[in-house]
Every structure is written in structure tokens, then in C-alpha cells.
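Each reported figure results from applying straightforward, stated rules to the coordinates on display, with no laboratory input. What you see is a predicted model, and the numbers here were worked out from it, not measured in a lab. Cβ sites come from the backbone with ideal geometry, for glycine too, and all protein chains shown count toward neighbours.
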């Protein structure tokens with residue numbers, strides 16, 4: 001699939017919502033890898049390395065390498081809101 005997007009004077013490009021949702025780019029915590037080749041520029045989601053640790057309570061805890069605090073309750077709420085919008089046909 002091919003789409004045309006516009007770059008602003010600061011070099012910023014907006015990735016269309018449908019494309020962001022298809023690739024799981026739902027918030028500003030995602031990083032994109034940029035590759036240059038003879039054919040042009042390729043942007044793709046950068047894989048996130050996640051390590052698992054066994055907590056003293058016995059729970060398995062997954063941690064990303066980032067020092068970003070994640071609120072799991074808010075993350076679930078955001079995903080629920082996204083799915084409701086999608087079900088109502090509002091993308």
C-alpha cells in the first residue's frame with residue numbers, strides 16, 4: 001500500500017492514524033528505526049527489548065530497558081478506549 005504524506009519545514013512527517021494503529025504505534029513511547037538505501041528511506045518500529053525477572057513474591061515481572069514509568073491501569077484504559085472507538089467506526 002502506498003500513501004503520500006507531507007513533510008513540514010522542520011522535517012516532521014505525520015504517519016496516518018490507520019497506519020499507526022496497524023503497527024501498534026499508539027502513543028509517543030515508540031521509537032522508529034530509520035534506514036537509508038539506494039531505493040530511499042525506510043521507517044519501521046524499533047523492536048523493544050524486554051527482560052523478565054522473578055519477583056520475590058513469585059510474580060514474573062517484565063521490564064523494558066527504558067526508564068519510563070508505565071501505569072498499567074491507564075494503559076488498559078487507553079486500549080479499551082481505542083477498541084471502543086474502533087468498534088463504533090471512529091478509528
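Things worth noting here:
- If you go through segment 13-31 and keep only what is outside any loop (DSSP other than H, G, I, E, B) and without any contact (Cβ under 8 Å) to a residue 24 or more places away in the chain, you end up with 13, 19, 20, 22.
So that you can scan it fast, the table gives a plain yes or no per residue for (1) part of a loop (DSSP other than H, G, I, E, B); (2) in contact with a strand residue (DSSP E or B) (Cβ under 6 Å, 6 or more places away or on another chain):
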{"residue": "11", "(1), (2)": "yes, no"}
{"residue": "33", "(1), (2)": "no, yes"}
{"residue": "36", "(1), (2)": "no, no"}
{"residue": "41", "(1), (2)": "no, no"}
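- Failed item in (1) under 20 Å from the mean Cα position of the chain (by Cα); (2) more than 29 Å from residue 75 (Cα to Cα), with residue 19 passing the rest: (2)
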